[in-house]
2 protein chains.
Amino acid sequence: MRVLFSNRNFERLREIIEPLFMGHEIKYANISEDVSLLEWADVLVRGTEPFTAEMLSFAPNLKMVCQWGVGVEGIDIEACSAKGVFVCNVPSSNTGNAEGVAEVAILHMLLLAKGYNKSQENLKKGKVFSPRGLTLWRKRVCIVGLGNVGVTLASRLKPFGVTLVGVNRSWKDKFDALKLDQFFTLDDVNAAVKGCRFVVLTLALTPQTEGLIGHEFFKNMDKDAFLVNVARANIVQREALESALREGHIAGCGLDVLWKEPPDPDDPILNMPNVYITPHIGGTNDEALRGIPAFIADNVNRISEGKLPLSCINVTSIGKAE
Amino acid sequence: MRVLFSNRNFERLREIIEPLFMGHEIKYANISEDVSLLEWADVLVRGTEPFTAEMLSFAPNLKMVCQWGVGVEGIDIEACSAKGVFVCNVPSSNTGNAEGVAEVAILHMLLLAKGYNKSQENLKKGKVFSPRGLTLWRKRVCIVGLGNVGVTLASRLKPFGVTLVGVNRSWKDKFDALKLDQFFTLDDVNAAVKGCRFVVLTLALTPQTEGLIGHEFFKNMDKDAFLVNVARANIVQREALESALREGHIAGCGLDVLWKEPPDPDDPILNMPNVYITPHIGGTNDEALRGIPAFIADNVNRISEGKLPLSCINVTSIGKAE
């Protein structure tokens, strides 16, 4: 198979990528600027740039578009389906993505619980055994969104001895394994967070969740509670979060995602007390960097052997469902 | 019962302490400076100052010495036994101590894994999706010392999907529940750490473990591995650790304990790259602050009802074993 990577940034990863695609041909091109190599490609591995119907028209041999990661926004899936092109993504579980994001959520919870910034000030002042932090143990924790990241987080948090509250659009039987202490549907999210010391957002950004977390939500949170967001910034109304922090409706927050990325270095939120920020590092880790291309390479092998690819978004639309 | 707290710092906690000791009388005194209240006391609750045979001779009514926490170094246990005085400590599990220390160990592991300091520099430079950190997921982790803290840590780490190596003086059947992937005795600790990405010290400081972690240990660690110490600083030879960091025998370390506490604010270790330090906050948390006096109050109630106290160090020596 002839596999085209959609931008030249991927070339920096060639030492990881190329051994995984043994037996296939690989090229890299910035397809946003130059579509000429699309004609050559059997498979397109796509980053974050758009892949439109027009671009597809330059790719007569294309059999599959593989998203590098989960999010396929920006791919014209309908156009692909119409031409019989598989559109596949890489599931976040077991590829280092969900695992990494869950770990960064726990990092933020521990930074907040232990008062890490204060501890660093205390070191400089020569103070030990201070600040008096919190344990996660015995605290009530609400996870909003039980997709791959939420489920991965829940399974790691429960053994800390927390009381676990789960929120999801609807109940799924697989949640039984999480041993949740309580479950709410997303409609009741404002009720779910009452009494929780930590609230972690792990839900997908959709038209329904955009701006979901606003003034009412923060008023329902306890005054000594912390918000952690490892999902997408636009789920949270920025102005509502800032006023909740300023007015003491909540005690602090940890954010791995920001409304503008990269943020302005002088954005005041970077220096608010009890706010911890990391630069969207949840999914950026050693395992994801191997796990994602390994999954894609496996799909390339599958279609070259005439099998259906895995994690295919449009398999039913193109009439090839198993 | 008349309960004397051994130093006036405890007075700052009276709002937490006194409701727990309802029905008993409470006083506070700096017994290192003034022994006069010892005569009054049925029970002594002791902080970290010495409690000697001479001091005991001023306490004719004393029935029990309760350590605030685990460590009873500095109490003349033999003298207490000879006079029929129970010496009790507070076990670290289920009182917020072991739980808090295990959480701080995981905080350090995540700070190191995610390159937290570098992430903060990147934020200031306007860089996102960087640094490329590690997952704990799929890494090999060695826990050296499977006492209460080590066991508490193991049960929390295993669900992160790590390969878990345990080291202890000897095997105990209760370790079965930890689902360790491998076990070594303490004699083989240098072999145990080979191939591990994280090594966490959770063992007690004893004459056998003092200075245990030296040059040979660091040479056996992988060059890309991290050391986390949440036990006692003197288990590690400072000079060996510093040269291991400087010469690249290990990739970094996280320390909740230091050889001198508080450290000099200009101690160079506070500013070494890839070194994270917290000011001995493992056991300093909201739950321990309630859990410890609650356990002691329960023991005071027990002896006032004629029962044997719990977690008694010298119960056999004074011939009152159950």
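Every number here is computed from the coordinates shown, using simple stated rules; none is lab data. Since we're looking at a predicted model, the values are computed, not measured. Using ideal geometry, Cβ is built from the backbone for each residue, glycine included, and neighbour counts are taken over all protein chains shown.
Brief remarks on what is shown
- Virtual paramagnetic centre 7 Å along Cα→Cβ of A:Arg12, amide N under 16 Å, in the stretch A:248-264: A:262
- Ranking of B:Leu308, A:Leu180, A:Leu255 by neighbouring Cβ atoms within 10 Å, starting from the fewest: B:Leu308, A:Leu180, A:Leu255.
- Spacing of the modelled spin labels on A:Lys124 and B:Glu25, each 7 Å from Cα toward Cβ, amounts to 4.9 nm.
- Taking 0.36 nm per residue of sequence separation and removing the Cα-Cα distance, the A:Glu39/A:His215 pair yields an extension gain of 58.3 nm.
- Fluctuation leader among B:Ser81, B:Ser130, B:Ser92 - chain B, Gaussian network, Cα springs under 10 angstrom: B:Ser130
- Cβ-based charge dipole, the protein assembly as shown, positive-most Cα from B:Ile17, B:Ser32, B:Pro91: B:Pro91
- For the stretch A:22-31, the Karplus equation 6.51 cos²θ - 1.76 cosθ + 1.60, evaluated at θ = phi - 60°, returns couplings of 3, x, 10, 9, 10, 9, 10, 7, 7, 5 Hz by residue, with Gly and Pro reported as x.
- Pairwise label distance in nanometres, B:Arg132 with B:Ala294, each label 7 Å out on the Cα-Cβ vector: 4.7 nm
- The simple spin-label model puts a point 7 Å past each Cα toward its Cβ; for A:Asn271 and B:Phe183 those points are separated by 5.4 nm.
- Cα centroid separation, the stretch B:27-85 to the stretch A:1-80 (Å): 75 Å
- Distant-in-sequence amide H partners of A:Tyr28 (H built 1.01 Å from N, under 5 Å): A:Phe5
- Shielding by partners for peptide B:286-296, expressed as the average number of C-beta atoms from other protein chains within 10 Å of each residue's C-beta, is 2.
- Taking the Cα centre of the stretch A:97-277 as reference, the dipole from Cβ charges on Lys and Arg (+1) and Asp and Glu (-1) amounts to some 860 debye.
- Formal net charge of residues neighbouring A:Phe5 (Cβ-Cβ distance under 15 Å; K, R +1; D, E -1): -2
- The protein assembly as shown, helix-only ellipticity at 222 nm - DSSP H runs n ≥ 4, -39,500 (n - 2.57), divided by all residues, nearest 500: -8500 deg cm²/dmol
- Pairs spanning more than 30 Å between alpha-carbon atoms, out of A:Lys118/A:Lys260; A:Lys124/B:Lys27; A:Lys158/A:Lys194; A:Lys127/A:Lys179; A:Lys139/A:Lys219: A:Lys124/B:Lys27; A:Lys127/A:Lys179.
- Net charge over other residues, Cβ less than 15 angstrom from the Cβ of A:Asn234 (K, R count +1; D, E count -1): -3
- Using Cβ point charges alone (K and R +1, D and E -1), the dipole size of the protein assembly as shown about the Cα centre works out to roughly 640 debye.
- Modelled FRET efficiency - R0 51 Å, B:Asn117 with B:Asn61, Cβ distances, 0.05 increments: 0.40
- Rotational relation A to B, axis-closest Cβ in chain A, residue and distance rounded to whole Å: A:Pro159, 3
- Copies compared at A:Val35 - label distances in nm, ascending, label defined 7 Å from Cα in the Cβ direction: 9.4
- Counts of other chain beta carbons within 10 angstrom of each beta carbon in peptide B:87-99 average 1.
- Taking θ as phi - 60° and the Karplus parameters 6.51, -1.76 and 1.60, the scalar couplings of the stretch A:248-253 work out to x, 5, 9, 8, x, 8 Hz in sequence order, x denoting glycine and proline.
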